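The structure under discussion appears below in the form of structure tokens.
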Amino acid sequence: MKNEKRQLRMLAPEGFRRSLSRRAFLQGGTAVAGFALLANACGGDGDSGDAGSGGEGLASGDWSRVINKSSGTLAMYTWGDYNDPDIIGPLAESELGVKMKVDYYPSNEDLIIKLAAGAGNSGFDIVVPTGPYIPQMIEKGLIQKLDMSKIPNFVNLDSAYTSRDWDPNNEYSVCKNWGSTGYFYNKTKVTRKMETWQDFIDACMNEGSGDCAMVDTAPNLCGMWYWANGYNWNDQDPAKLDACEKFLVDEFAQHIKAFDSYPSTKLAEGAYSLAMGWNGDLRQAYSRIADAGGNPDEWVWVLGAPATELWMDTYCVATGAPNADAAHAWINWEFVPEISIKDLQYHGYNTGLKNMDSLVAELAPDLELGEMIFFSSDQVATFQTQEITPSLDRMVDIMNKVKAKAGA
Amino acid sequence: MTAEIAMARRRPRAPKFALALPSIVWYTAFFIVPIALVVVYSFGAKDSSKLVPVDFSNPSTSSYGEVFDETFFQVFRSTVRIAITATLLCLLIGLPVAYFAAFKVSEKWRAIVLAAVVVPSFTSFLIRTVAWRIPLAPNGMFSKWLQDIGLVGDKGIQILETAGAVQLAIVYNYLGFMILPLYVAFDRIDIRLREASKDLGAGRFSTFFSVTLPLAGPGIAAGVLLTFIPMCGDYVTATVLGGAKGNMIGAMIASQFNQAQNWPLGSAMAVLMIAAVLLTLVVGAAIVWLVPRVLALAEPVIQAWRRAQAGKPRQARVAPSRRPALADAVLHRSLGVWTMLVLTFLFIPVGLVFLHSFNRGNSFTIWSYAVSTKWWGELFDGAVFVQTALLFAAIVVLAVVARRLFKQRVQFGGGYTAWLVPTGLVLALVVNGVLTSWYANLFDFSGIGDAIRNSFVAAFGATVVAVVLGGTAGVALARRPGAWSNAFMVVVFLILVTPEIMEAIALATWFPRIQNVAAVGYVFTEGWGPFNGGMNKLWVGQSMYASAVVTLIVRARLSGLDESLEEAAGDLGAPPARAFRQITLPLIASAMIAGGLLSFALCLDNAVVSSLISEAGSTTFPVALLGATRSTIKPFWGVGAVSLFFVTMASLWFLVVILRRGGASAGNIAATITGA
């Protein structure tokens, strides 16, 4: 409760704060909203003169809204359910003149092996790796330099999300959106007060044993142990890695029910009563649970504490992209504020534009559960970005062993 | 005689394996060499900084040691346990069904039972597996009902994300592959042998166990091979339903290659898995070989014991015909009920896929307690729906009128109206689709339309490759065996037992290596004609397993046929090419159709190999769906699966009609389809 108040104070603009009630979100029903949008888009084919949401819905302020028309097919290889289907469907066709084809991968490693196997002929134009993986993708020649002259709307991006360590000059990548990691639990099953990663670990090993799901990526699983113990997950001390391995493999693995990076649907099915997850996916869990006839009020979202991660997924252009021109046009278009906010409403991740509060207040006053998208500066202060360290390799090995052990 | 010798002298005989040459080249280029490379990886060390993340500076066998480490080895054990249990369960569940269909029902009902076994497999394998999540969900309707009647506790069904769910779905997924070969084996049994057994006084059970079952031996063996081997390498079922606890070795190997980037370990696991499968089969075969022999040894003892037990052994069997008809009726009835239950089981996920394509909610597996046609685009919107219905009616009327007019000239095998309805429906949808593009905003924007099209093009091309390779190699194996054929059969068998994920990795790393080899590379990078490079890769990848299956089918068919016909043709002066075209080809035609059908079905469902080698422009339906299973599956995947189902049904129905025209019975068609 205290937590929630603080978030409200920090980020939500007035109009938007009033609509934060979880109940209103659920009663409205995202399904209806989504469908209305689709109908809107289909109907609005004729007046495609303006960017995004048709004339009246333009955000005030000084925004760059260049739209470069392109043509042909644009192939994107991305994470599951990561763009508004309306944007990659009819809108991309009417506004950019491109037809999108989208395929999905479950982890950065899967993306890398697929691109490597294609050796410049994978046929994909846009890929969406997470920041720390970019250097090795550059080194292996899997992504090409961006032509920033074709992405003038890049100026709309908040400087906090440009020039990151993995690509200091944004030569290869630009921010798609960013988010954090936390967990979700059913308070009728886990009745204790849950605030930190340590609480989560304890609950998984006791009342939630055999009923909890972990995100299917190595750094997150290991990171959970680091954060719970008050360490930085970029700490490369071999003793800590050993201790992490010992704990996760010998003590923790047996309690895990599944490795699942998108637990929202399965939470609604009732498959888990605790799950670690990314904020956007867990935000969608509320509407899925309501869909399934469950009671969303039984479920609680907790942002990882005392520390947790800040991850950022980026748009890159694959080496040998058949339609690099359309790829640039798409990336540029995604920075148009109206498009960006429309996408944000769908996936529930912060797209990193400037003046996000006023933008949301103007364009998406009805946005629900905003506290799961926008974080207070106190919270952001606890976020750690993954660095590219040799220990990543070791973490992948640990994860591998945990998976084998969990099946025993 | 002299003429033949003279001819033989004139034309130097080609080497015995000449006809198998295409297969030999194909398997060498796309199986032996790439797989050998992957096996080599197992002696390297992990080095994720490289494009192929293996370091060979210090070759060792340490990866093999790691597999035997308890952590990983227990996954091996549980996989073999799940596969053996599932194979036995399939046998136990399927045997009565096959027996019932073969001996207890009329020709018409036989066809219906067999069709009911085959039809569920026309729905995508992957979506049927996903559909099991619906009835098993602890919050689902079924679970709540079970809670209401007090069969399960208030936590609901607790089977998802466990080995139990994997076990259930694996039995489900492979049951058909057990029933059909069993049925064919039963069907081939000379009914007179069973009658003779009964006339000689054997009871119902001893006839079954001493006559029927042994005669069905080859069918049982075929069923066991067709289920056990793919189960061991199964990757999809465990991934979709197994969670952390239901992990299987196939999924484990895949994650070594995909996620852990530990190729040496993955490769060592795959090599050991192949060894484990072969070992299990050898042990199983040894048991099958031993049991009758041990029993035979014990026979005199049993006889003596029986004689000692009963003074008048003959009296009990005086009049077997007087055995109460009641027992027969009960047996018949219970077999019928069992068959109904099994068929219902087979249709549960199919029904759920249909139902959930009309789900009001936003995810496929979660029923929102409300029906909606929104995922079907405009198909069910007034005007479009009426148009389609009118078009359908017109097609049916036209066809019926045409039949009246041409009745004397065109002879259709029975079931004209039966195939008219599905065909007419598909035709109406397609024509109307072209005219009004009702599916535009559905299939277009979710990419399902392209995926379905790609699936068909890929499966069709791969099937053509498989039929040509399998047909020629099968003929060579049956007609020109020699030292080469043993080596060739080993390769064919290896293709069948290699886990799909290993073949996938082998090809995925092999294509980049050959892409600079002049013409070959061009085909796989640029493609040719309307087909892009990715599609050509899919043809190669999907044809591998399929062509091995066709080879076996053609070989089996031909070795059952007398060679004298071809010899006669030769004696009458027909050159080999002509003898092949006019004699051999017609003989193997049905086997090639059978093999073709089976390959087509296999290729259409191929997910693992395809997902690693496909490219952006050649994503197939299972590949796209496999990607979507990682997050939330929207109900439009159900729409896609249902559409795919109808199109497949309609196209296969034509083949059945063609086979029927050839006078084949339901049994022959089943035999053809399973390739027995």
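Just one of B:D69, B:D47 is at pLDDT below 90, touching a Pro at 6+ places or on another chain (Cβ under 9 Å) and not hydrophobic (A, V, I, L, M, F, W, C); which is it? Don't jump to the end; show me each part of the working.
Values: B:D69 fails: touching a Pro at 6+ places or on another chain (Cβ under 9 Å).
Result: B:D47 is the single residue among B:D69, B:D47 that is at pLDDT below 90, touching a Pro at 6+ places or on another chain (Cβ under 9 Å) and not hydrophobic (A, V, I, L, M, F, W, C).
Could you tell me whether the range A:302-318 includes any residue that is touching a residue at least 12 places away in the same chain (Cβ under 8 Å), out of contact with any Ser or Thr (no Cβ under 8 Å at 6 or more places or on another chain) and in the same structural domain as A:G370 (by TED's automatic domain parsing)?
yes
Examine the range B:570-582 for a residue that is crowded, with 20+ Cβ neighbours inside 10 Å, part of a helix (DSSP H, G or I) and not hydrophobic (A, V, I, L, M, F, W, C), and state whether such a residue exists.
No, there is no match, as no residue in the range B:570-582 is crowded, with 20+ Cβ neighbours inside 10 Å, part of a helix (DSSP H, G or I) and not hydrophobic (A, V, I, L, M, F, W, C).
Among what's in the range A:69-80 and is over 18 Å from B:G627 (Cα atoms) and assigned to a loop (DSSP other than H, G, I, E, B), pick the residue that is nearest to the other protein chains (Cβ to nearest Cβ).
Looking at the filtered set, the residue picked out is A:G72.
Restricted to the range B:614-633, and to residues that are more than 8 Å from every other protein chain (Cβ to nearest Cβ) and outside any helix (DSSP H, G or I), which residue is modelled with the lowest pLDDT? Break it down into steps so the answer makes sense when it comes.
Of all residues in the range B:614-633, those more than 8 Å from every other protein chain (Cβ to nearest Cβ) come to B:614, B:620-622, B:625-626, B:629.
Now drop any that are not outside any helix (DSSP H, G or I), which leaves B:614, B:620.
Numbers: B:S614: 85, B:T620: 91.
Checking each candidate, the answer is B:S614.
The rows are residues; the columns are (1) within 30 Å of B:I505 (Cα to Cα); (2) at the interface with another protein chain (Cβ under 7 Å from one of its Cβ atoms); (3) not acidic (D, E); (4) not in a loop (DSSP other than H, G, I, E, B).
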{"residue": "A:Y82", "(1), (2), (3), (4)": "yes, no, yes, no"}
{"residue": "A:D86", "(1), (2), (3), (4)": "no, no, no, yes"}
{"residue": "A:L91", "(1), (2), (3), (4)": "no, no, yes, yes"}
{"residue": "A:E95", "(1), (2), (3), (4)": "no, no, no, yes"}
{"residue": "A:V102", "(1), (2), (3), (4)": "yes, yes, yes, yes"}
{"residue": "A:D110", "(1), (2), (3), (4)": "yes, yes, no, yes"}
{"residue": "A:I113", "(1), (2), (3), (4)": "yes, yes, yes, yes"}
{"residue": "A:A117", "(1), (2), (3), (4)": "yes, yes, yes, yes"}
{"residue": "A:S122", "(1), (2), (3), (4)": "yes, yes, yes, no"}
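Give the residue that is surrounded by the most Cβ atoms within 10 Å (Cβ to Cβ), with candidates limited to residues of the range A:124-149 that are more than 9 Å from chain B (Cβ to nearest Cβ) and without any contact (Cβ under 8 Å) to a residue 24 or more places away in the chain. Break it down into steps so the answer makes sense when it comes.
Going residue by residue through the range A:124-149, those that are more than 9 Å from chain B (Cβ to nearest Cβ) are A:126-135, A:137-138, A:143-149.
Next cut, without any contact (Cβ under 8 Å) to a residue 24 or more places away in the chain only: A:148-149.
Details: A:M148: 14, A:S149: 7.
It comes out as A:M148.
Kindly indicate whether A:I289 is assigned by TED's automatic domain parsing to the domain that holds A:G131, at negative phi and β-branched (V, I, T).
Against the criterion (assigned by TED's automatic domain parsing to the domain that holds A:G131, at negative phi and β-branched (V, I, T)), A:I289 does not qualify.
Residues in the range B:90-148 that are among the hydrophobic types (A, V, I, L, M, F, W, C), farther than 18 Å from A:G270 by Cα and in a helix (DSSP H, G or I): how many?
Here the count works out to 25.
For (1) crowded, with 24+ Cβ neighbours inside 10 Å; (2) more than 10 Å from chain A (Cβ to nearest Cβ); (3) touching a helix residue (DSSP H, G or I) at 6+ places or on another chain (Cβ under 8 Å), each residue gets a yes or a no:
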position	(1), (2), (3)
B:L225	no, yes, yes
B:G246	yes, no, yes
B:F257	yes, no, yes
B:M273	yes, yes, yes
B:L281	no, yes, yes
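In the range B:508-526, which residues are outside any helix (DSSP H, G or I) and within 10 Å of chain A (Cβ to nearest Cβ)? Give the derivation first.
Keep residues of the range B:508-526 that are outside any helix (DSSP H, G or I), which gives B:515-517, B:526.
Passing the criteria: B:Q515, B:N516, B:E526.
Does A:G270 meet the test of being within 19 Å of B:T632 (Cβ to Cβ), within 11 Å of chain B (Cβ to nearest Cβ) and free of Cβ contacts under 8 Å to residues at least 12 places away in the same chain?
Taking the combined requirement at face value, the residue does not satisfy it.
What are the residue pairs meeting all of these: first residue in the range B:343-365, first residue free of Cβ contacts under 8 Å to residues at least 24 places away in the same chain and within 14 Å of chain A (Cβ to nearest Cβ), second residue of a type outside the set (S, T, Y) and not in a helix (DSSP H, G or I), Cβ atoms under 6 Å, and 6 or more apart or on different chains?
Close Cβ pairs satisfying both conditions: B:R360/B:A370.
Collect the residues in the range A:392-408 that are outside any helix (DSSP H, G or I) and either among the hydrophobic types (A, V, I, L, M, F, W, C) or away from every other protein chain (no Cβ under 12 Å) (or both), keeping them in residue-number order. Step through it out loud before you land on a result.
Step one: filter the range A:392-408 for residues outside any helix (DSSP H, G or I), giving A:407-408.
Matches in the range A:392-408: A:A408 only.
Taking B:P499, is it surrounded by 20 or more Cβ atoms within 10 Å (Cβ to Cβ) and not assigned by TED's automatic domain parsing to the domain that holds B:M231? Quick ask: steps written out before the conclusion?
Working: surrounded by 20 or more Cβ atoms within 10 Å (Cβ to Cβ): yes; not assigned by TED's automatic domain parsing to the domain that holds B:M231: yes.
Criteria met by B:P499.
What's the total number of residues in the range B:27-60 that are surrounded by fewer than 14 Cβ atoms within 10 Å (Cβ to Cβ) and of a type in the set (G, A, S)?
Final tally of qualifying residues: 4.
Identify the residue in the range B:202-256 that is outside any helix (DSSP H, G or I), among the hydrophobic types (A, V, I, L, M, F, W, C) and more than 21 Å from B:V608 (Cα to Cα) and, among all such residues, is nearest to the chain's Cα centre (by Cα). Break it down stepwise before answering.
Looking only at the range B:202-256, we keep the residues that are outside any helix (DSSP H, G or I), and these are B:202-203, B:216, B:233-235, B:242-248.
From what is left, the residues that are among the hydrophobic types (A, V, I, L, M, F, W, C) are B:202, B:216, B:244, B:248.
Pick out the ones that are also more than 21 Å from B:V608 (Cα to Cα) and you get B:202, B:216.
Working: B:A202: 37, B:A216: 20 Å.
Top of the filtered list is B:A216.
For A:M194, state whether it is surrounded by fewer than 23 Cβ atoms within 10 Å (Cβ to Cβ) and touching a residue at least 60 places away in the same chain (Cβ under 8 Å). Working first, answer last.
Values: surrounded by fewer than 23 Cβ atoms within 10 Å (Cβ to Cβ): yes; touching a residue at least 60 places away in the same chain (Cβ under 8 Å): yes.
Yes: the conditions hold for A:M194.
The values are calculated or read from the model by the stated rules, or taken from the named source; none is laboratory data. Note that this is a predicted model, so its numbers are computed, not measured. All Cβ positions, glycine included, derive from the backbone under ideal geometry; neighbour counts span all protein chains shown.
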